[in-house]
Amino acid sequence: MAPPEEAAAPKRRASTLASHDLVDTGITFASGAAYGLTTVAVGQPFDTVKTVVQSRGGGSVEAARRVVAESGLLRGLYRGSVPLVVGGTFMRSAQFGCNDLGRDAIRASGAPRVKLFGVVDSHVVFGGMCGGLGRAIVEGPTEFFKIRQQLASGWAARDALSGLGVTMFRNT
């Protein structure tokens, strides 16, 4: 019979890429997608007003009134949201999923686990960097199209990746 402390201890699954099954990955990516949809639904009106204020000047209330007067409540405040609904869903999904997969990959590699300043886990930092890169790849073009729609300005496909390198650096 096993000692009581061993019997009470929960069984842990080995942290390897092989044990990171499709269901875990699907749940992680789906959680990110739900987060992406929620942030667009809640944050887009504020982002639209901020973008108008930054590009045309004036106060926030004045900008909100102008946007609503020009395009209506929903159409005006949610201007530019289509790229974010699509991109934001994929962006957050990539962020969550790449974080999870990166963290599992470094754990499975046998790389030493270091606690930076006695608190920050190096494996979690690596996972976060992977998540940031995954997000940046989707975020760069998504932000470009969103801003162009918010400002109702034209664009060229070749410009969609402008600033991607800076976004990747910032996110990692």
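The values are calculated or read from the model by the stated rules, or taken from the named source; none is laboratory data. The structure displayed is predicted, hence computed values, not measured ones. Here the Cβ positions follow ideal geometry from the backbone for every residue, glycine too, while neighbour counts run over all protein chains shown. Heads up: the accessible areas ignore ligands, DNA and RNA and are worked out on the full protein's heavy atoms, side chains in. Shrake-Rupley method; radii C 1.70, N 1.55, O 1.52, S 1.80 Å.
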Subject >> In region 140-172, residue least open to solvent (accessible area, probe 1.4 Å) [restricted to those that are polar (S, T, N, Q) and over 13 Å from Met91 (Cβ atoms)] >> reply: Gln150
Original post:
Within the set of pairs 6+ apart or on separate chains, which have a first residue in region 73-92 that is on the phi > 0 side of the Ramachandran plot, a second that is open to solvent by 80 Å² or more (accessible area, probe 1.4 Å), and C-beta atoms under 6 Å apart?
Top reply: Gly80/Gln149
**OP:** Consider only pairs whose beta carbons are under 7 Å apart and that are at least six residues apart or on different chains; among these, list those whose first residue lies in region 101-128 and is at negative phi and charged (D, E, K, R) and whose second residue is assigned to a loop (DSSP other than H, G, I, E, B) and open to solvent by less than 30 Å² (accessible area, probe 1.4 Å).
**Re:** Asp104/His20
Original post:
Just checking, how many residues over region 141-155 are of a type in the set (A, V, I, L, M) and either within 14 Å of Lys50 (Cα to Cα) or within 23 Å of the chain's Cα centre (by Cα) (or both)?
Top reply: 2
